[in-house]
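Written out below as structure tokens is the structure these notes cover.
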Amino acid sequence: QVQLVESGGGLVQAGGSLRLSCAASRSIFSFNTMGWYRQAPGKQRELVATISGGGRTNYADSVKGRFTISRDNAKNTVYLQMNSLEPEDTAVYYCRASNTRVYWGQGTQVTVSS
């Protein structure tokens with residue numbers, strides 16, 4: 001059983017920054033792709049950013065230039081650095097890992113006040 005534990009969410013003013021962490025219970029080398037998704041109230045869950053085992057990254061257009069995804073293989077952790085936060089970024093942020101199966105974390109709340 002794989003566990004993904006997110007942390008780092010919170011309340012921040014518009015223009016501020018947060019860094020989310022996703023700690024995996026086993027080596028992240030075992031996953032083809034890891035990523036961050038978010039779900040705002042009344043909306044569908046959407047992709048924010050992904051990173052492959054080789055380090056290739058992909059971002060939603062809405063966060064390009066503001067968010068950065070990275071991974072620390074030694075710590076089995078994936079990060080999401082979020083800068084220039086906007087109220088529209090308010091959502092529950094979920095970590096996702098996939099190989100032959102898909103695993104989700106429990107989510108962490110990010111609230112951006114205007």
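The values are calculated or read from the model by the stated rules, or taken from the named source; none is laboratory data. This one's a predicted model, so the numbers in the text were calculated from it and none came from an experiment. Positions of Cβ are generated from backbone atoms using ideal geometry, with glycine treated the same way; all protein chains shown enter the neighbour counts.
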Name the residues in segment 12-41 that are more than 26 Å from R101 (Cα to Cα) and at pLDDT 95 or above, would you? V12, Q13, A14, G15, G16, S17, L18, R19
Do you know which residues across segment 65-74 are on the phi < 0 side of the Ramachandran plot and not in a strand (DSSP E or B)? R66, N73, A74
Within segment 8-64, track down each residue that is surrounded by fewer than 17 Cβ atoms within 10 Å (Cβ to Cβ), among the aliphatic types (A, V, I, L, M), under 16 Å from the mean Cα position of the chain (by Cα) and not in a strand (DSSP E or B). A40, A60
Within segment 102-114, residues touching a residue at least 40 places away in the same chain (Cβ under 8 Å) and out of contact with any Gly (no Cβ under 8 Å at 6 or more places or on another chain) come out as Y103, W104, G105, Q106, G107, S113, S114
Being in contact with a helix residue (DSSP H, G or I) (Cβ under 6 Å, 6 or more places away or on another chain) and outside any strand (DSSP E or B), is that true of even one residue in segment 75-88? yes
Residue check, R45 touching a Gly at 6+ places or on another chain (Cβ under 6 Å), of a type in the set (K, R) and modelled with pLDDT of 95 or more: no
